[in-house]
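Presented below is the structure to which this report refers.
The values are calculated or read from the model by the stated rules, or taken from the named source; none is laboratory data. Keep in mind that this is a model prediction, so the values were computed, not measured. Neighbour counts are summed over all protein chains in view; Cβ atoms, including those assigned to glycine, are modelled from backbone coordinates with ideal geometry. The area values use the complete protein model at the heavy-atom level, side chains included, leaving out ligands, DNA and RNA. Shrake-Rupley method; radii C 1.70, N 1.55, O 1.52, S 1.80 Å.
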Amino acid sequence: MFFDLLTSGIIIVSSTLIGCELAKKHVYRDKQLRELQGALSRLETEIIHYSTRLPEALTIIGDSIKGEVGELFKYTGGLLDQRNSITISKAWRKALISLKGNLHLNKDELDILYRFGDQLGSSDKEGQAKYIKLTLKQLYQQELNARETREKYERMYKSLGLLGGIAIAVLLI
């Protein structure tokens with residue numbers, strides 16, 4: 001009897017943890033979209049108000065943000081600092097592709113970032129500011145969608161994990 005209760009407890013805890021892990025994907029996506037918006041706002045400030053060179057601005061922002069979003073900016077800045085005649089667009093795209101597995105973003109959000117990279121550094125300060133603001137608006141809309149999705153699926157995955165574990169434990173007893 002004790003063994004059955006112990007096994008059931010382990011099954012319930014394990015399945016609940018699996019549900020929590022599945023829910024984390026949605027939490028990380030929401031968090032990364034907010035981080036991207038903050039990073040792009042800081043990039044706009046560095047470019048417009050401080051007139052910082054783009055490689056330096058990207059590295060500064062990357063150093064100040066932890067996690068995958070910071071790595072994206074650091075990696076892009078590092079590629080541009082190497083001065084191996086890589087364009088800003090190619091450096092951004094290369095960084096996105098190499099970090100895509102670590103970013104919890106969907107295809108639409110990655111497309112927004114690819115388009116942003118294609119325009120990055122291709123116009124004057126005012127043009128850059130306008131394009132950054134447009135990208136920020138698009139990312140904000142994606143964040144609203146991500147928040148809705150997170151609220152919907154986060155509870156569902158956690159509940160399914162717990163209830164699935166209870167169901168399995170009942171079937172085994």
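Relative to the Cα centre, the charge distribution of the chain, modelled as +1 at Lys and Arg Cβ and -1 at Asp and Glu Cβ, gives a dipole magnitude of about 200 debye. Averaging 1/r over every pair of different alpha carbons in the stretch 25-118 and inverting the result gives a Kirkwood radius of 13.2 Å.
Taken per residue, the accessible surface of the stretch 36-81 reaches 43 Å², heavy atoms only and a 1.4 Å probe. Which Cα, out of HIS26, GLY67, GLN82, lies furthest along the positive dipole direction of the stretch 1-94 (beta carbon charges, K/R +1, D/E -1)? Of the options given, the answer is GLN82.
Here each label is just a point 7 Å from Cα along the line to Cβ, and for SER64 and VAL13 those points are 4.3 nm apart. Between ILE48 and ASP118, the simple label model (points 7 Å from Cα in the Cβ direction) yields a spacing of 2.4 nm.
Rounded to whole numbers, the Karplus 3J(HN,Hα) couplings from phi for the stretch 68-78 are 5, 5, x, 4, 4, 5, 4, 5, 5, x, x Hz, using 6.51 cos²θ - 1.76 cosθ + 1.60 with θ = phi - 60°, and x at Gly and Pro.
Restricting to Cα pairs below 8 Å that are 6+ residues apart, what does the relative contact order work out to for the chain? Please round to a whole percent.
41
Computed over Cα pairs, the Kirkwood radius of the stretch 23-64 leads via Stokes-Einstein (0.692 mPa s, 37 °C) to a diffusion coefficient of 297 µm² per second.
Convex hull of alpha carbon positions in the chain: directionally averaged projected area 11.8 nm². Just so you know, the Cα atoms of the stretch 1-52 work out to an Rg and Dmax of 22.2, 72 Å. Applying both filters, DSSP loop and at most 15 other Cβ atoms within 10 Å, to the trypsin sites (Lys or Arg not before Pro) of the stretch 43-91 gives ARG53, LYS66, ARG83.
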